[in-house]
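The values are calculated or read from the model by the stated rules, or taken from the named source; none is laboratory data. Computed from a predicted model, the values in this text were never measured in an experiment. Cβ coordinates were reconstructed from backbone atoms using ideal geometry, including for glycine residues, and neighbour counts include every protein chain displayed. SASA here: full protein model, heavy atoms, side chains in, ligands and nucleic acids out. Shrake-Rupley method; radii C 1.70, N 1.55, O 1.52, S 1.80 Å.
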Amino acid sequence: MAKHLPASGWTPIVVTVDEAFHEERLDRDLAALVPSSVEVVKAAALSSKYCRPLGLGEIGLRAWRPLRAAVMKLLATRSVDAVLITGSPYYPMLFAAEIKRRFGVPVVLDFQDPWVSAWGAEQTLWSKAGISHRLSVALEPRAVRAADFITSVSETQNEQMAARYPWLDPSRLSPIPIGGDPDDYEMLRQHSANDRFGLFDPSVVTLSYVGTFMPRTEPLMRAFLSAFAEARGRSPNAMANVRLLFIGTSNQPNNTDHFRVQPIAQALGIGGVVREIPQRLPYMEAIGALTRSDGILLIGSDEVHYTASKIYPGLMSGRPYLSLFHKRSSSHEILSAAGGGISLAFETSDDLSAMGDAIGSAIVRLVTDPGSLGRAVPTTYAPYTARAISAQFAAIFERIAAERKRA
């Protein structure tokens, strides 16, 4: 958005935590995608060295006071027409009430994932996750009540929020996915990301899954891996040279030993053809892995509302894919329309259990005849490019800024 908002008439000022206080390896190539002309204000944070042993690693809390000070200083000294606070981290969304009270500047809250979630509600009461959930239940309504507009990645997520807070005005809720930027692939072609793990061997066919292995991904992953194992038995010649690669399954940049896929694969007798890299790779390295793959695996969740941001980089990579999502998810709808791969779907757990043959056949086709799948049609994902997403946010900013002037 920082790159594309100016095309819609908005000048962004980015407020973020100084990278000196980040715990993960810095992603310099990702930062290089932001134009140098963008103004970036960096805030300090408490050191994780001292906070992490106390169970306080969340950067939104460690940087709470400095972030708040930086935002309030900007509002006091500069002409600002709107504030966008995106999460996670979610705690800075609580700045909204003070922003409105002191400066009258309209605020948009953008939920990239649910702050209050069904998964959180299932956690043990006094566990860290359970305590975090109870905090979210207590704090989210305070933030939401102060917002002038709310966006999230799916209509279902908005509907769930509206059900929690009947006083919300539905006309001030909008689903806007994270999307992707085709320009990133042009940058990748100019500065090819390295393969520091030696993940790709031109003598084998590599099918890659790049992204988090979420708890509710597990039923789909088990169905896929079972079908893969059966396909190896039914089509030994076609499948003899196929390997599966899973990257960033933990979604944590420093998690190198929490394997989630490998144990399932080993139990099915295919551990030798599966490689898993639990840690999240830097962005350019991750999309570089997509472009090096012979095929991409887009495996979702058994939740209807799940909207996978990874489908857009997958489509933009130009590689053939096999996807597996709930039939009523927006991801399946988009992938089915885009083409360039095989889109499979289910509605119930029984449907998923009965899909072994269909998944196996799709795997064999992806491996033996990828050319028959064609390529994804760019016009089908044009509304989800970074430029289009930025224009949607700009329209919201225009609306709430105009309302402020009239008031």
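Structure notes:
- Rounded to 5, percent antiparallel among DSSP beta bridges of region 38-157: 0
- Computed on region 197-251, with alpha-carbon pairs under 8 angstrom and 6+ residues apart, the relative contact order is 62 percent.
- For Kirkwood radius over Cα pairs in Å, calculated from these coordinates, the label among (1) 22.8; (2) 28.4; (3) 31.8: (1)
- Three-way shape label, region 300-379, alpha-carbon gyration tensor, a/c 1.5: oblate
- Karplus-derived HN-Hα couplings along region 269-285 (A = 6.51, B = -1.76, C = 1.60, θ = phi - 60°), whole Hz, x at Gly and Pro: x, 10, x, x, 10, 10, 10, 10, 10, x, 6, 5, 8, x, 4, 5, 5
- Ordering P35, L281, I311 by the projection of their Cα atoms onto the charge dipole of the chain, which places +1 on the Cβ of Lys and Arg and -1 on the Cβ of Asp and Glu, puts P35 at the extreme positive end.
- Residues with amide H under 5 Å from that of Y209, placed H, sequence gap 5 or more: L245, F246, I247, L297
- Distance between the modelled labels on S79 and R102, one decimal in nanometres: 2.2 nm (7 Å Cα→Cβ projection).
- Farthest towards the positive end of the charge dipole of the chain, among the residues F95, F213, M72, is the Cα of M72, using unit charges on the Cβ of Lys, Arg, Asp and Glu.
- Note on region 1-98: Cα-Cα pairs beyond 16 Å make up 62% of the total pair count.
- For the chain, the number of Lys pairs separated by eight or more positions or lying on different chains, with C-alpha atoms closer than 24 Å, is 10.
- Size of electric dipole in the chain: Cβ of Lys, Arg +1 and of Asp, Glu -1, about Cα centre, debye, nearest 20: 1120
- For the chain, the fraction of 1.4 Å probe accessible surface lying on carbon and sulfur atoms is 53 percent.
- Estimated at 0.36 nm per residue, the fully extended path between V377 and H191 surpasses their Cα-Cα distance by 64.4 nm.
- For D357 and N251, the FRET efficiency from 1/(1 + (r/R0)^6), where r spans their Cβ atoms and R0 equals 35 Å, is about 0.65.
- Each Lys and Arg contributes +1 and each Asp and Glu -1, all at the Cβ; summed about the Cα centre of region 53-136, the dipole is approximately 460 debye.
- Beta bridge orientation in the chain: antiparallel %, DSSP, nearest 5: 0
- DSSP-assigned coil residues among trypsin sites (Lys or Arg not before Pro) in region 7-109, each with at most 11 further Cβ atoms within 10 Å: R78
- Computed E for A402/V40 - FRET, C-beta separation, R0 35 angstrom, nearest 0.05: 0.80
- Axis angle, to the nearest 10 degrees, between helix 218-234 and the longest C-alpha principal axis of the chain: 20 degrees.
- Per-peptide average of other Cβ atoms within 10 Å, ordering 260-271, 282-293 highest first: 282-293, 260-271
- Whole-number D in µm² s⁻¹ for region 30-71, Kirkwood Cα-pair radius fed into Stokes-Einstein, 10 °C, 1.306 mPa s: 134
- C-alpha center-to-center spacing [region 1-24, region 367-388] in angstrom: 28
- Cα gyration tensor, region 127-167 - rounded (a/c under 1.5), prolate or oblate: prolate
- Most to least packed among 175-186, 134-145 [average Cβ atoms within 10 Å]: 175-186, 134-145
- Report summary: the helix-based calculation at 222 nm, which adds -39500 (n - 2.57) for every DSSP H run with n ≥ 4 and divides by the residues of the chain, gives -12000 deg cm²/dmol.
- Where labels lie 7 Å past Cα in the beta-carbon direction, separation of S349 and H22 in nm: 4.0
- Probing with 1.4 Å while keeping every protein chain in the model, the per residue accessible area of the chain equals 48 Å².
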